[in-house]
Amino acid sequence: MIRISGITLRNFKNVKYGTVTMPSFLKKDVTCADILGIYGQNGSGKTAIIDAFEILENIMSGKSLSEKSWNLINVDSPEASIELSFTLGGEDEAPDRFRYTLTFRKEEGRGVIKSELLERRKAKEDGSYEREKAVLGYDYDNHEIKPDYIFKKMVRRDKEMELDLLVSSRMAEKNECSFLFSSDGAYEILSSSKDEELSAVIREIRRYAEASLIVFSSRDVGMDSNLMMTLTYRKEEKEGLIKGQIPISLEKPSVISREDRRELEGMVRKMNTVLNAIVPHLTLGVYNAGEELTDEGKKGYLVEIVSLKNGKAIPLRYESEGIIKIISITNVLLCVYNNPSVCLIIDEFDASVFEYLLGEIISIFSKGAKGQMIFTSHNLRILEMIDKDCVVFSTSNPENRYIRLTNIKNTNNLRDVYIRSILLGGTKESIYEETDSQEIGMALRRAWRDAEE
């Protein structure tokens, strides 16, 4: 089982340096709720965390680095790095600690990987940890597999294995994907190497990214501009757990495969149990509108998700944006609540959701969820519902972008403390870049006057 313990950004978007630690790692208690909210004013680095996880999800799944990733590098720096800390181990043993660092740079209007490195601290029987050691890495600029002794251990004087690794490293460079985790890199070759332990570690990290790390940007939840809603699921296959998505049109029936229809109907049955508790009298149904060939020329099924009220089916597009958002994430919330290996990363969790309901959902998850969840929000109601260690605040200092408020007593209302800190200060970093209401009013008048002239 893999559990995220923290993430550190360097020169990523408007974050020159910022680190976030999960509550369970902070408390050294893996049984405590691992829900983390990120708060702060607009443009202060909250979404940077979501964007960083989106890159990690793709890279550790063996996919290519997006060419547009160069836009995520700080304008004052030629390169950016993301450092993910996590633990990996069984339920009955102390987990080992790992750190994966990905560095990428700008090159001719696109982002390219510069280096990647996986490091490890093995757990000892007495509960302490060995010193950190490099597990495997690759320097894309110098075409070097690191560290050298690991490379030699992997090949064990096997010239064919050595050649395969060198070829795979160049393929990873060409395709702008990870040498460690991509099928074009070491991932497939390691499965036949003599280092079974290293092979198992790389395999488990990729499986985690493929099936258990779920990242939702603000554009991925609810209804998009094309009247589409995407439902995410996890299911067991021969090769293990996989993560999948079913895009559903809200404008007209969607054509999906037999397997997707079966998955969709199963999802709706599970979701109805939860939805009816969250939104009274809300029940979903899958309306089957016939058959039609898919784009691949295979037999497909026309389906539409409807809400059922008083025995009548109503197309989902007539429901509110908030209802559609709740529906789009309910199945994933089910996974997070019941599975300790799932981590959900979601941007603007509060958007379009009723404030009181949002607070109740977060309160329930902070007390009973087995998995992990990181979210950004502007809604301050949540601050009254969760522990102070479960909240990180973004600051106006790009050199130290994320902090926790200190000296908070159990009797304090975190929402009141936060607002008081904005108004009066007193934190080690400024958490709000001051605005002047009179100046804003004058600017509004001046802009109108200038336009008329």
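The values are calculated or read from the model by the stated rules, or taken from the named source; none is laboratory data. The model shown is predicted, which means the values in this text are computed figures rather than measured ones. Cβ: placed from backbone, ideal geometry, glycine included. Neighbour counts: every protein chain shown. Only protein heavy atoms, including side chains, enter the accessible area calculation; ligands, DNA and RNA are left aside. Shrake-Rupley method; radii C 1.70, N 1.55, O 1.52, S 1.80 Å.
Could you tell me which of the pairs Lys28/Lys428; Lys114/Lys235; Lys28/Lys370; Lys27/Lys124; Lys63/Lys299 are separated by over 26 angstrom between their Cα atoms in the structure shown? Result: Lys114/Lys235; Lys63/Lys299 exceed 26 Å. Note that region 346-444 presents 53 Å² accessible area per residue, ligands and nucleic acids not counted, probe 1.4 Å.
Packing-based ranking of 399-411, 57-69, 383-395 yields 383-395, 57-69, 399-411, ordered from highest to lowest mean Cβ neighbour count within 10 Å. Averaged over its residues, region 14-78 has an accessible area of 42 Å² per residue, based on protein heavy atoms and a 1.4 Å probe. Using the Karplus relation 6.51 cos²θ - 1.76 cosθ + 1.60 with θ = phi - 60°, the per-residue 3J(HN,Hα) values for region 145-154 come to 8, 10, x, 4, 5, 5, 4, 5, 5, 5 Hz, with x marking Gly and Pro.
The equivalent ellipsoid of region 249-295 has semi-axes of 24, 12, 7 Å, largest first, where each one is the square root of 5 times an eigenvalue of the Cα gyration tensor. What does the C-alpha gyration tensor say about the overall shape of region 285-346? Classify as rounded when a/c is under 1.5, otherwise prolate if a/b is larger than b/c, or oblate. Because a/c hits 1.5 or more and a/b fails to exceed b/c, region 285-346 counts as oblate.
Listed values for region 33-46 are Karplus-derived 3J(HN,Hα) couplings in whole Hz (6.51 cos²θ - 1.76 cosθ + 1.60, θ = phi - 60°), namely 4, 10, 10, 10, x, 10, 10, x, 6, 4, x, 9, x, 5, and x replaces Gly and Pro. Each part gets one Cα centre, and for region 306-359 versus region 362-378 those centres are 14 Å apart. For Leu241, the amide hydrogen comes within under 5 Å of no other amide hydrogen, counting only partners 5 or more places away or on other chains and with H modelled in the peptide plane.
For Ser64, no residue has an amide H sitting under 5 Å from its own, ignoring neighbours fewer than 5 places away on the same chain, with H placed 1.01 Å from N.
Geometric descriptor of region 58-176, per residue, is 141 Å³ (volume of the convex hull of the Cα atoms). Rolling a 1.4 Å probe over the protein heavy atoms of region 266-385, with every protein chain left in place, gives an accessible area that is 53 percent carbon and sulfur. Each peptide among 313-322, 293-302 gets the average number of other Cβ atoms lying within 10 Å of its residues, and from highest to lowest they stand as 313-322, 293-302. Per-atom-type breakdown for region 139-181 gives carbon and sulfur 50% of the accessible area (1.4 Å probe, protein chains only).
The orientation-averaged projected area of the convex hull spanned by the Cα atoms of the chain comes to 28.0 nm². Enclosing the Cα atoms of region 6-107 in their convex hull gives a volume equal to 108 cubic angstrom per residue.
Rank-order 326-332, 257-263 by packing density, defined as the average count of other C-beta atoms within 10 Å over each peptide's residues, highest first.
Most protected by this proxy first, the peptides run 326-332, 257-263.
Taking amide H as placed 1.01 Å from N in the peptide plane, Ile346 has its amide H under 5 Å from the amide H of Phe216, Ile374, Phe375, Thr376, each at least 5 places away in sequence or on another chain. Based on DSSP H segments of at least four residues, each scored -39500 (n - 2.57), the chain has a per-residue ellipticity at 222 nm of -10500 deg cm²/dmol.
Using the Karplus relation 6.51 cos²θ - 1.76 cosθ + 1.60 with θ = phi - 60°, the per-residue 3J(HN,Hα) values for region 64-73 come to 7, 6, 4, 4, 6, 5, 5, 5, 8, 7 Hz, with x marking Gly and Pro.
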